[in-house]
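Following: one structure in structure tokens, then a few remarks.
The values are calculated or read from the model by the stated rules, or taken from the named source; none is laboratory data. For clarity, every value in this text was computed on a predicted model and none was experimentally measured. Cβ atoms come from the backbone with ideal geometry, glycine included; neighbour counts cover every protein chain shown. Heads up: the accessible areas ignore ligands, DNA and RNA and are worked out on the full protein's heavy atoms, side chains in. Shrake-Rupley method; radii C 1.70, N 1.55, O 1.52, S 1.80 Å.
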Amino acid sequence: MFACLSLSLSAHAFSGGPRQLQSWLFGWPESDSSSNATSSNAWDGSLIDVDTPLEELETVGLGDGESYRLVMSDEFETEGRRFSEVDRDPIWTAVARHDPTNGNLAYMTPQMVSTHAGALEIYTTNTGFRASRYASGSVQSWEKACLQGGIVDVSFSLPGEPGAPGVWPAIWMLGNLGRATYPLSNDGLWPFSFGACDRSLGGQVLSACSDQPARGSGLRPYQGRGVPEVDLLEARPCADIAAASDRPALAVAHNNLTCGITTFQVAPRLPGRLRPNHGSFPSARRPWYPNLTFGRRSEIDALWYGGDHFDSLGAYFPLSPSYHTPPRAPHSGAAAAAEAAGSYGGFGSSLFDAGFFGAP
């Protein structure tokens, strides 16, 4: 089963902080969507940003050595872009809602998202918005750009000081049948990635055992579908990981830094007898997934192996202080929006660029 995954860039708030991004996507698109894009001040009928250097139109996969072509990019060079529903950006939408997942304390508002100095900026404030204690932002490519396979290339800067608790910035992908931060859209779908019929397994509403999807939905019958999740980066203090019962060596050695965590969340899960206890490493009695391999500066994320019906396969890696942007006041455009929202104070920002690459 192939899922088309859309990209989300979010700053979950548990305190204040800004961040920044740029992205390139190298992958196998479901169709040649570059000819159908809506033009804007950043694009002219293409999902490849005109500001992307020509030498970046192709890349070579680090794992397979194969060539990949660029299918979407965003350099965020246009100053002061906005991403609300009414702004009709061709790739991104900044959501306007409280995100109820994972105990998030922030209200996500487009007013906290803009572009400045060649980066997307997401601001987080600690002075509240509507009924929430914090205000922050999240942008999604849902229903605009998604990827069935390939390479995602993102440059980013994290908010605040290294190792600081209270924020949970993330760059992540979710199957396009559901929508990130809209839990009801994912019921019975997240994070399934299973295309066979197995009546002993429950919970997957669009399973290969059923003809129900054929009734008015346009989906094929007897085809398993779901909403798998790939977290490219979730940032948290290394000290949190170091507190696990088996004392992960990398996290202990870098407990003053921020760690990045990359995970694949998928259902159905392995039998419970194979899963280690949270905080413990796999063992002969509880082997987890065999033959997992990790990079030289990464280690299995033993804090979390998944929930009742799904598995979470993750690795963490320490991030140097250079990945952080110190908290600061926003530039004038974002400051005006924040002031209008009644949320000026306690600023940090996250900064991004992004893109997709696909097979030639």
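Only a single item in (1) closer than 28 Å to Leu257 by Cα; (2) within 15 Å of the chain's Cα centre (by Cα); (3) of a type in the set (Ser, Thr, Tyr) is not met by Thr93, and it is number (1). Residues of the range 78-95 that are hydroxyl-bearing (Ser, Thr, Tyr) and at pLDDT 95 or above: Ser84, Thr93.
Give the range 242-252 a look and list any residue that's over 16 Å from Ala164 (Cα atoms) and without any contact (Cβ under 8 Å) to a residue 12 or more places away in the chain, or say none.
Matches in the range 242-252: Arg247 only.
Are any of the residues in the range 86-100 part of a loop (DSSP other than H, G, I, E, B), out of contact with any strand residue (DSSP E or B) (no Cβ under 8 Å at 6 or more places or on another chain) and buried (at least 18 other Cβ atoms within 10 Å of the Cβ)?
Within the range 86-100, the first condition is being part of a loop (DSSP other than H, G, I, E, B), and the residues that meet it are 88-92, 95-96, 99-100.
Imposing the further condition that a residue be out of contact with any strand residue (DSSP E or B) (no Cβ under 8 Å at 6 or more places or on another chain) reduces the set to 88-90, 100.
Remaining after also requiring buried (at least 18 other Cβ atoms within 10 Å of the Cβ): 89-90.
Yes, the conditions are met somewhere in the range 86-100.
If I ask for residues that are assigned to a strand (DSSP E or B) and open to solvent by 80 Å² or more (accessible area, probe 1.4 Å), which ones from the range 45-75 would you list? Passing the criteria: Glu58, Val60, Arg69.
Within the range 298-312, the only residue that satisfies the criterion of being within 18 Å of the chain's Cα centre (by Cα), at pLDDT below 95 and open to solvent by less than 50 Å² (accessible area, probe 1.4 Å) is Asp301.
Residue check: is Ser245 exposed (fewer than 14 other Cβ atoms within 10 Å of the Cβ), of a type in the set (Gly, Ala, Ser) and assigned to a helix (DSSP H, G or I)? Criteria not met by Ser245.
Checked against (1) among the hydrophobic types (A, V, I, L, M, F, W, C); (2) over 26 Å from the mean Cα position of the chain (by Cα); (3) surrounded by 13 or more Cβ atoms within 10 Å (Cβ to Cβ), Phe281 passes all but condition (2). Residue count for the range 106-149 satisfying the condition of being surrounded by 24 or more Cβ atoms within 10 Å (Cβ to Cβ), out of contact with any Leu (no Cβ under 8 Å at 6 or more places or on another chain), within 12 Å of Gly80 (Cα to Cα) and of a type in the set (A, V, I, L, M): 1.
May I ask you to verify whether Gly295 is in a loop (DSSP other than H, G, I, E, B), in contact (Cβ under 8 Å) with a residue 12 or more places away in the chain and surrounded by fewer than 12 Cβ atoms within 10 Å (Cβ to Cβ)?
So Gly295 passes the test.
Scanning the range 170-182 for residues that are part of a strand (DSSP E or B) and either closer than 17 Å to Pro268 by Cα or at pLDDT below 90 (or both) gives Leu174, Gly175. Number of residues in the range 183-240 that are open to solvent by 30 Å² or more (accessible area, probe 1.4 Å) and assigned to a helix (DSSP H, G or I) equals 7. Might you let me know whether the range 214-221 holds any residue that is touching a strand residue (DSSP E or B) at 6+ places or on another chain (Cβ under 9 Å) and not hydroxyl-bearing (Ser, Thr, Tyr)? No; the residues of the range 214-221 include none that is touching a strand residue (DSSP E or B) at 6+ places or on another chain (Cβ under 9 Å) and not hydroxyl-bearing (Ser, Thr, Tyr). A single entry from Thr115, Thr124 fulfils the requirement of being closer than 21 Å to Leu158 by Cβ, assigned to a strand (DSSP E or B) and either of a type in the set (A, V, I, L, M) or more than 18 Å from the chain's Cα centre (by Cα) (or both): Thr115.
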